[in-house]
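Worksheet: the structure to be examined is printed underneath.
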Amino acid sequence: SSGKTFSCTGWKVGWAIGPAHLTRAVTSVQQWVNFAVATPNQDAIAVCLKKAHEPYEGHASYYEYLAAEYKRKRDLLVDSLKIAGITPIVPDGGFFIMGETSKVEFPKEYTEEVTDAMPTNPMPRDWAMSRWMTKEVGVTAIPPSAFHEKESVHLAKNLLRFAACKGDETLLEAQRRFKAYFEK
């Protein structure tokens with residue numbers, strides 16, 4: 001989508017490329033899932049798609065630049081997670097990094113809290129750890145159990161999801177906070 005590729009979230013201009021048996025299915029539902037996309041936005045994205053193949057910021061194309069930027073941000077976040085004792089599961093691409101957290105200890109009382117939003121009671125470990133990390137360390141992660149059915153929430157107990165698609169200042173601040181908390 002244009003939101004992910006060109007950092008213009010909210011424009012709701014996307015496309016599908018793939019084998020005919022898959023794109024036929026997308027085409028059949030497309031008329032029912034459209035948002036009101038302004039024609040100028042569509043025109044602007046069409047221009048961006050063409051220009052993106054040209055050299056950009058010292059790279060052969062905008063796409064190469066974007067891939068290099070996200071790899072750099074990923075690597076910065078990976079280094080930060082290691083400071084916190086979290087073992088990163090390093091992806092080849094994407095905006096998120098899963099971290100294995102079984103070696104990170106935090107106060108038990110966080111697992112005893114009750115909130116309206118939690119997926120199960122008692123609070124899952126990943127959920128409690130995310131709340132603890134937000135309150136005590138100042139870094140917020142996404143508890144993966146939020147995406148699970150109740151029967152599989154336990155599978156995410158030692159995982160947290162971190163977003164690498166942030167500005168450098170945010171990623172560096174997270175690293176600073178991890179250092180301040182875990183290296184004291």
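The C-beta contact set for the range 79-97 (first residue closer than 25 Å to SER1 by Cβ and touching a residue at least 12 places away in the same chain (Cβ under 8 Å), second residue in a helix (DSSP H, G or I) and open to solvent by less than 70 Å² (accessible area, probe 1.4 Å), distance under 6 angstrom, 6+ apart or interchain) comprises VAL90/VAL78; ILE97/LEU77. Among the helices (runs of 4 or more DSSP H) confined to the range 8-119, the ones with at least 2 residues that are out of contact with any strand residue (DSSP E or B) (no Cβ under 7 Å at 6 or more places or on another chain) and within 30 Å of HIS154 (Cβ to Cβ) are located at 62-83. Condition check: out of contact with any helix residue (DSSP H, G or I) (no Cβ under 9 Å at 6 or more places or on another chain) and open to solvent by 70 Å² or more (accessible area, probe 1.4 Å). Does HIS21 satisfy that? It is true that HIS21 is out of contact with any helix residue (DSSP H, G or I) (no Cβ under 9 Å at 6 or more places or on another chain) and open to solvent by 70 Å² or more (accessible area, probe 1.4 Å). Considering only the range 144-167, how many residues are free of Cβ contacts under 8 Å to residues at least 60 places away in the same chain and in a loop (DSSP other than H, G, I, E, B)? Residues flagged as free of Cβ contacts under 8 Å to residues at least 60 places away in the same chain and in a loop (DSSP other than H, G, I, E, B) within the range 144-167 amount to 5.
Residues in the range 1-18 that are of a type in the set (Val, Ile, Thr) and open to solvent by less than 100 Å² (accessible area, probe 1.4 Å): THR5, VAL13. Out of GLY10, GLY14, GLY58, report the one residue that is closer than 24 Å to GLU169 by Cβ and at pLDDT below 80. GLY10 is the lone residue from the list that is closer than 24 Å to GLU169 by Cβ and at pLDDT below 80.
One line per residue, one yes/no per condition, for (1) surrounded by fewer than 13 Cβ atoms within 10 Å (Cβ to Cβ); (2) at pLDDT 95 or above:
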position: ILE83; (1), (2): no, yes
position: GLY93; (1), (2): yes, no
position: GLU100; (1), (2): no, yes
position: PRO119; (1), (2): no, no
position: SER130; (1), (2): no, yes
position: ALA146; (1), (2): no, no
position: PHE162; (1), (2): no, yes
position: ARG177; (1), (2): no, yes
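Being open to solvent by 10 Å² or more (accessible area, probe 1.4 Å), of a type in the set (S, T, N, Q) and in contact (Cβ under 8 Å) with a residue 12 or more places away in the chain holds for only one residue in THR140, THR170, THR111, and it is THR111.
Among all residues of the range 43-58, there is none that is among the aromatic types (Phe, Trp, Tyr), over 26 Å from the mean Cα position of the chain (by Cα) and at negative phi.
Summed over the range 168-184, the residues that are part of a loop (DSSP other than H, G, I, E, B) and touching a helix residue (DSSP H, G or I) at 6+ places or on another chain (Cβ under 8 Å) give a count of 1. Screening THR140, THR115 for residues that are at pLDDT below 95 and polar (S, T, N, Q) leaves exactly one candidate, THR115.
The values are calculated or read from the model by the stated rules, or taken from the named source; none is laboratory data. If you're wondering where the values come from, they're calculated on a predicted model, not measured in any experiment. Please note: Cβ atoms are built from the backbone with ideal geometry, for glycine as well, and neighbour counts cover all protein chains shown. Calculation scope for accessible area: heavy atoms of the full protein, side chains included, ligands and nucleic acids excluded. Shrake-Rupley method; radii C 1.70, N 1.55, O 1.52, S 1.80 Å.
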